[in-house]
Each structure stands twice: as C-alpha cells, then as structure tokens.
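Undergrad: Input: one structure, supplied below.
The values are calculated or read from the model by the stated rules, or taken from the named source; none is laboratory data. Please read all numbers here as calculations on a predicted model, not as lab measurements. All Cβ positions, glycine included, derive from the backbone under ideal geometry; neighbour counts span all protein chains shown.
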Amino acid sequence: MNDRNKPKPASQADVTRRDFLKTTSTVVGGSFLGSLSIERSAHAQGSDTVKVALVGCGGRGSGAADQALSTEGSIKLVAAADAFRERIDGSLGQLARKHKEKIEIADDRKFVGFEAYKEAIALADVVILATPPGFRPIHFEEAIRQGKHVFMEKPVAVDGPGVRRVLAAAAEAKKKNLKVGVGLQRHHQAGYIETLKRLHDGAIGDIVSMRCYWNGSTPWLKKRADLERAAGRALTEIEYQMRNWYYFVWLCGDHIVEQHIHNLDVINWVKNGYPVRAYGMGGCEVRKGPDYGEIFDHHAVEFEYADGSRCASQCRHIFGCWNNVSEHVVGTKGSCNVSGHVIKLNEFDWGLGGRTWSYGRQGARDPYQQEHDDLFQAIRNDKPFNEAENGAKSSLTAIMGRMATYSGQVIEWDQALDSQVDQMPKIFAWDAPAPVQPGPDGMYPLAVPGNRDWLRKIV
Ligand SMILES: NC(=O)c1ccc[n+]([C@@H]2O[C@H](COP(=O)([O-])OP(=O)(O)OC[C@H]3O[C@@H](n4cnc5c(N)ncnc54)[C@H](O)[C@@H]3O)[C@@H](O)[C@H]2O)c1
C-alpha cells in the first residue's frame, strides 16, 4: 500500500474489523469495504492485501486474473465462480503456474452454477466479471450492491434493459466511491492515448467523417455433437447455448456487440460523444448451420452523431474475404489512422513535427496489463476511476447497430436505450426454457429485416 506508513486516524485505528463492520454495514447495505478505498478498508483490517474474486473462469477471465495478480502490491485471488466446475479448475491450474503463492482458493471457495457469483463476490474486495456479456448487468449490479470494486469485460450488456441496469449501478458505484474498470483496453494503450490527445487538441480540425471495421472470421465454435460426445449425455438447450454462447443473442449480443464494440468505442472516444441514430443492413449469407445459432455473419451500419457527421462501420465473420480491424477519421485539416496512430495534415505544422505525426512504439506496454495497473492504482490510492458509464454507452452504440441491421429500420439512441426487449431468460436453471429454440431442422430463426413481427423482438 503506497500510504501504509501514514499514521492512522485514532478513530479508525481503534476499531476492530468486526466493530467496523457493525458500525458501517447499515450505510451500504451490509457491506463496508466498497464504501471505503482499499487503503482505508485494508487499514481497518490490519492488512493491505487486496482480495480478488473471479466470476467467469474462461479465457479472458483467466487473463484478467493473471493481470490483476501481476499488479503492484499484496494481492490474493480468494474465490472463483463459474457455471461449470471444470472451467474453474482449468483456470486456477493455469494461474497457479505463474501465481501459486497468490491463490488461496480451497474447494469451499469454488462456486458453481447460476447463483455462484453472489458467494464469490461476498468474499472479495475487487471482482472480475468475465462471463458471456448477457449476465454482466446482473453480476455488476450485485457487485455494486455488495460494495465491491469491479473489473468487468466488455460488452457490459446485450440489450436496452441490461444497459439501463448497468447505468443505474454505475451511478450507484460513484456514490459509494467504488472503482470500475471496463475491458475496453484501447483506453489504456499508449498509442491510442497519444493519438486521441492530439485529435482532441484539434490537430486535424473538426472530425467530419469516420469509418471503422472488424472484418475477420469466426472466433470459435462448440458443436453440439462434440459437446454431447465429450459429456456422454444429451445437453439441455440452456447448457448447449451457454457452452456455445457466441452464437446466441441473449448471451453474446451478436459479434457487432461482442467484438466490433472495440472499434465503435474508439470512434465515440474520438467524437467525445455517442451516436444519435443508426442506419444499417446485414444478414447471414455464408456462415450457416445449427451450431451457428441466430447471429448474422455481417453488418454494415452508419452511425450518425449529433453534429451530423457519420461513421461507416462494417463487421464480418466470413472466411476467405479481405480482413481489416481498424479505425480512421477525417478532419477539416487532415486525416488520422487512429488504430495505426498516424496523423496526416493537409498543411505543414511544426507543432506536430511537419505534415505527418506517428506514434513511436518504443516502451509501449501491454494494454491488458496497463488497464489493471491503472484500476488497482486507483483503488489503492483512492483516485476517481469509473469506466462503467462509457462501457454501457459504447455497448448501447453496438446494440443500436444490431437493432438497425436486424430490423432494417432507422434506430434512434433513445429508442435503443428505452427498449423493453429483454433478451435474457426469465428463469435461470439448466432445464428452464431457452429464450430461442431451434426449429425441427435444428436451425435457429434469424431476424428478418423489414418484417413487422420481428420488429417487436428486436427493438
Ligand atoms: N477485452 C478484450 O479484448 C476481450 C477479449 C476476449 C474476450 N473478452 C470478453 O470477455 C468475456 C468472456 O469471454 P471469454 O473469451 O473469456 O469466454 P469463455 O467462454 O472462455 O469464458 C466465459 C466463462 O464464463 C462462464 N460462465 C457462463 N455463464 C456464467 C454464469 N452465469 N456465471 C458464472 N460463469 C459463467 C463460462 O462457463 C466460461 O467459463 C466476454 O464478454 C468477451 O467479450 C474481451
């Protein structure tokens, strides 16, 4: 702890942790750590060790836990939760290779199932939320209710009701002085930071036109037949969808939300705002089959901002096509390859070093590590840190894009935000009905743009 040698105020030093809990629990609804900086709460415990819980022990959750455990200062992973037990064991096994002495998780701190998150959150000061994004609003709300600092992966919701829950919890987090990081790591990447600084200082004048792409191929697929062969039994529909979550809107939001959010978020950052409406088209032309669920394989959306400027966005998951992941913008005085960190001016400008400026990559740190370093420093030093509102609004940008491509209609920001279409199941249980069911041929229904019956399921 940076300030560990500072004398404690007498009133704080005199109380035991139990006394402290008793006297403060009513203030924040049963939990006290979150209402204080870790600096203060850790002193209240007589220890500066930050306790972390991991909810969602897959690829990114394990990565985020590694990065959290690699931040400076005393830190321990004390609880893990996942829908499936084997994911916890796999993740902890992998983490133990690098951080054995920082993992204190006996079997009674491994929580499995739909309610597992609550118990894991209760044991920690800081919670990593890295399940498929459909669950994020539920988990984030609970973490803030329990008064915990949070790192949550993007996107933070898959529908309007989810975004509203996250925005409300984000406001609550501010009131409770809780720090929240969101896995939009470009905000912690030096090249982007330096480029955006110059754009915001007016290097290329007013930004009048933008484009961004995430055109690539399928990230991964879990086929039902392979899953059932490995399990030695038939899976319920909910279990199948949870294991093959990328292809179901209630879990993933579609790839425009799950993946393209990174590029859309950069454009929002450049514009210092969020789009007011979206016009789009999309479909599923090539990547078809029962295991590819209900999501589109391509989307092309124009996002219009309040000043009338538009961002032309594309995202595609089709093998064998041209691929590109980037953001570019044009201004009244020049243009910028934002992802390449290059600015080109129409006129010579010594302030920028001539006609072209580019970011020298020397010493650039891994943004995934940097975002954790920044969050944990803010927690330990009680500095303002709350990325939840931007995370929610960039998630909504992408959701609005999906609503536009699925419906074929112009979608307004408020329409997307106020949408009453809740994608999540009403009951969470392995044998509960899934929000979407396959037809007799095993195929899931795809949204039909222009069709009025579909519209009420989309917006
Ligand atoms: N910032 C980035 O660059 C980046 C990169 C990859 C993934 N991600 C994000 O991280 C999140 C997780 O992606 P991933 O690739 O790790 O997926 P994953 O499938 O590897 O991991 C997800 C884990 O969550 C578990 N899970 C599902 N539902 C749960 C529930 N209700 N409660 C507890 N556990 C549950 C799954 O069993 C699985 O172990 C996604 O939101 C994804 O978009 C971000």
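Undergrad: Taking segment 87-96 on its own, how many of its residues are among the small types (Gly, Ala, Ser) and within 12 Å of the ligand (Cβ to nearest atom)? Give the derivation first.
TA: First, pick out the residues of segment 87-96 that are among the small types (Gly, Ala, Ser): 90-91, 93, 96.
Keeping just the survivors that are within 12 Å of the ligand (Cβ to nearest atom) gives 90-91.
Residues flagged as among the small types (Gly, Ala, Ser) and within 12 Å of the ligand (Cβ to nearest atom) within segment 87-96 amount to 2.
Undergrad: Something else about it: Report the residue count in segment 70-86 for those that are surrounded by fewer than 21 Cβ atoms within 10 Å (Cβ to Cβ) and either in a helix (DSSP H, G or I) or within 15 Å of the ligand (Cβ to nearest atom) (or both).
TA: Of the residues in that region, 3 qualify.
Undergrad: Need a quick list: strands (runs of 3 or more DSSP E) entirely within segment 103-167 having at least 2 residues that are touching a Cys at 6+ places or on another chain (Cβ under 8 Å), within 22 Å of Arg380 (Cα to Cα) and among the acidic types (Asp, Glu).
TA: Working: elements: 110-112, 126-129, 149-152.
Filter on segment 103-167 gives an empty set.
Undergrad: If you take the residues of segment 393-418 that are without any contact (Cβ under 8 Å) to a residue 60 or more places away in the chain and of a type outside the set (Asp, Glu), which of them is surrounded by the fewest Cβ atoms within 10 Å (Cβ to Cβ)? Break it down stepwise before answering.
TA: Of the residues in segment 393-418, the ones without any contact (Cβ under 8 Å) to a residue 60 or more places away in the chain are 407, 409, 414-415.
Going one step further and asking which of them are of a type outside the set (Asp, Glu), we end up with 407, 409, 415.
Numbers: Ser407: 22, Gln409: 18, Gln415: 16.
Among residues in segment 393-418 that are without any contact (Cβ under 8 Å) to a residue 60 or more places away in the chain and of a type outside the set (Asp, Glu), the one surrounded by the fewest Cβ atoms within 10 Å (Cβ to Cβ) is Gln415.
Undergrad: Select, from Gly181, Gly202, the only residue that is in contact with a strand residue (DSSP E or B) (Cβ under 9 Å, 6 or more places away or on another chain) and either more than 23 Å from Gly59 (Cα to Cα) or surrounded by fewer than 20 Cβ atoms within 10 Å (Cβ to Cβ) (or both).
TA: Gly202
Undergrad: Another question about this same structure. Considering only segment 307-337, how many residues are among the charged types (D, E, K, R), within 23 Å of the chain's Cα centre (by Cα) and closer than 12 Å to Met210 by Cα? Working first, answer last.
TA: From segment 307-337, those among the charged types (D, E, K, R) are 307, 310, 316, 327, 333; that's our starting set.
Filter again for within 23 Å of the chain's Cα centre (by Cα), leaving 316, 327.
Among the residues that remain, those that are also closer than 12 Å to Met210 by Cα are: 327.
Going through segment 307-337 one residue at a time, the tally reaches 1.
Undergrad: Taking the conditions exactly as written (over 14 Å from the mean Cα position of the chain (by Cα), within 13 Å of the ligand (Cβ to nearest atom) and at pLDDT 95 or above), does Ala143 satisfy them or not?
TA: Numbers: over 14 Å from the mean Cα position of the chain (by Cα): yes; within 13 Å of the ligand (Cβ to nearest atom): yes; at pLDDT 95 or above: yes.
Yes, satisfied.
Undergrad: Within segment 192-251, restricting attention to residues that are of a type in the set (Phe, Trp, Tyr) and within 13 Å of the ligand (Cβ to nearest atom), which residue is nearest to Leu264 (Cα to Cα)?
TA: The initial filter retains those residues of segment 192-251 that are of a type in the set (Phe, Trp, Tyr), namely 192, 213-214, 220, 240, 245-248, 250.
From what is left, the residues that are within 13 Å of the ligand (Cβ to nearest atom) are 214, 220, 240, 245-248, 250.
Details: Trp214: 10, Trp220: 22, Tyr240: 30, Trp245: 22, Tyr246: 19, Tyr247: 21, Phe248: 21, Trp250: 20 Å.
Per the stated criteria, the residue is Trp214.
Undergrad: Within segment 88-101, is there a residue that is touching a strand residue (DSSP E or B) at 6+ places or on another chain (Cβ under 7 Å), surrounded by fewer than 24 Cβ atoms within 10 Å (Cβ to Cβ), not assigned by TED's automatic domain parsing to the domain that holds Glu258 and not in a helix (DSSP H, G or I)?
TA: no
Undergrad: For the structure I just gave you, tell me whether Gly273 is farther than 30 Å from Ala83 by Cα, away from the ligand (no atom under 16 Å from the Cβ) and more than 21 Å from the chain's Cα centre (by Cα).
TA: no
Undergrad: Check Gly253, Gly183 and return the single one that is at positive phi and at pLDDT 95 or above.
TA: Details: Gly183 fails: at positive phi.
Of Gly253, Gly183, the one residue that is at positive phi and at pLDDT 95 or above is Gly253.
Undergrad: Quick test of your reading of the structure: Pro425 fulfils all but one of (1) closer than 30 Å to Arg198 by Cα; (2) within 21 Å of the chain's Cα centre (by Cα). Name the failing condition by number.
TA: (1)
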